[in-house]
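See structure below.
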Amino acid sequence: MFENLSNRLLNSLRKIRSPILLTEDNVKDTLREIRNALLDADVALPVVYNFLKLVKKDAVGKKVSKGFTPSQELIRIIRSSLITAMGGESIDKSLNLFGKELPRVMFLVGLQGVGKTTTIAKLGKFLKSKKDKRVLVVSVDVYRPAGIKQLETLALKGGIDFFPSNLEQKPIDIVNLALDTAKSNSYDVLLVDTPGCLPINRGLISEIVNIHKVIKPVETLFVVDSMIGQDAANIASSFNSLLPLTGIILTKVDGDARGGAAFSVYHITRKPIKFIGVGESINELEPFYPERLVSRLLGMGDIFSLVEDIKDNVDELSAKELVDKVKSGNDFNLIDFTNQLKQLRNIGGIVKIINRLPGVSYLPENIKSKIDDKFFDRMEIVINSMTMRERNEPKIIKGSRKRRIAYGAGVNVQDVNKLLQQFFDMQYMLKKINKFSTSKTLQMLQKNMFSIFGNKR
């Protein structure tokens, strides 16, 4: 979503050349380029104006600290200002989960088609798996026949409980029954999915407002599609005038949106962005951390989120077994390699991992463009065409075996040769890890990555 904006920001910052003092003249061109980058990203004009005013105020007259370049000093100021523009580090973005009265009712509203029903299921899964809460979900959207069924299907997929409703019931009756059920069965959280509508639809808005008054939710979350740019903030502001919003959830952040919504929505509504949807999977809802997103925009990576993903999705027992195997001197084989590919997929794929590493934005484009998950998918297809013995003992794969494997995988023999060579390079690298210092190991890893991606056709 933010790739174009990130590239524009980084390109403008690379051009900074100035003496030890930042002046209005030597930051003028950079601020103009940043302004254009933000406007191209569909950031609301008042947000851009206030952001540049904040940067200029902090930058002009600032003496560059010893050991820093003017570029680094300005990047620090811009980073701080971007974080402030998206809500800051100190604002409370957590959900109101604690209190004597159960269940904690959460009310989700928004336009039709923004992914609200999917977000309900994602949020329910998040609360169950990450917060250890008993969750019940219910839909009062009796105007969209497929909506109730969709929520039921997603709830089943996420392993959360669903309260049934039908089109003949009144929304207020549905929510009251769901609330009684949640209370009598000791649920921690009740998530309510509402009909999607425009603020100008007075009849539907009035019904939603009345339901809100009856159930008195602890959280009223506005779900907004990040693809609609700065309009997202204006629509959120309209809803905020009708309902006491407590936070925002941005959906489709993984799409090709330009990023304007993330910058505009907080500034206009003064409501924190609490979550972002980063994919179609029911697991792909993340708490929103402005400081992490800004670090990624400026090429600094997002190690914290990467560590959390690894912790949540990697099988620790399998990882330990592999480490023990390598340390004992046993060969790393193609079965181990396939297992690591699956672990990689669980984390989100190589692209997601690479994009969260510091300095990746500065890699040459010819290398970055070759890093994709399809490459590893093709490798797995080739491995799946091998017999179990071949996966255990890759060295036995010679001429006739290579031809059979290539035919079964639908690739050329050269592709099989390439995979095997890359695998043997990795196997050799793992054998050497115990013998080398950390610095030499990192050099070897870097060289191996280049051999994989730098030579990929």
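The values are calculated or read from the model by the stated rules, or taken from the named source; none is laboratory data. Computed from a predicted structure; not experimentally measured. All Cβ positions, glycine included, derive from the backbone under ideal geometry; neighbour counts span all protein chains shown.
Annotations
- Across segment 118-143, the qualifying residues are those that are touching a Ser or Thr at 6+ places or on another chain (Cβ under 9 Å) and outside any helix (DSSP H, G or I), and the one among them that is nearest to Pro195 (Cα to Cα) is Asp141.
- Spans of helices (runs of 4 or more DSSP H) in segment 380-457 with at least 3 residues under 20 Å from Thr338 (Cα atoms) and modelled with pLDDT under 90: 413-433, 438-454
- Leading residue by the ranking (nearest to the chain's Cα centre (by Cα)) among those in segment 375-405 that are buried (at least 16 other Cβ atoms within 10 Å of the Cβ) and aliphatic (A, V, I, L, M): Met379
- Number of the exception - Ala146 against (1) modelled with pLDDT under 95; (2) crowded, with 21+ Cβ neighbours inside 10 Å: (2)
- Yes/no for Arg389 being in contact with a Ser or Thr (Cβ under 9 Å, 6 or more places away or on another chain) and among the basic types (Lys, Arg): no
- Restricting the first member to segment 404-428 and to residues that are closer than 16 Å to Asn384 by Cα and free of Cβ contacts under 8 Å to residues at least 24 places away in the same chain, and the second to residues that are outside any helix (DSSP H, G or I) and aliphatic (A, V, I, L, M), the beta-carbon pairs closer than 6 Å and six or more apart or on different chains are Ile405/Met386.
- Residue in segment 152-166 that is outside any loop (DSSP other than H, G, I, E, B), without any contact (Cβ under 8 Å) to a residue 12 or more places away in the chain and more than 17 Å from Lys128 (Cβ to Cβ) present: no
- Answer residue from segment 269-310, given it is farther than 15 Å from Thr84 by Cβ and of a type in the set (Phe, Trp, Tyr) and is modelled with the highest pLDDT among those: Phe275
- Residue count, segment 175-211 (criterion: over 24 Å from Asp225 (Cα atoms) and among the small types (Gly, Ala, Ser)): 4
- Number of residues in segment 222-244 that are among the aliphatic types (A, V, I, L, M) and free of Cβ contacts under 8 Å to residues at least 60 places away in the same chain equals 5.
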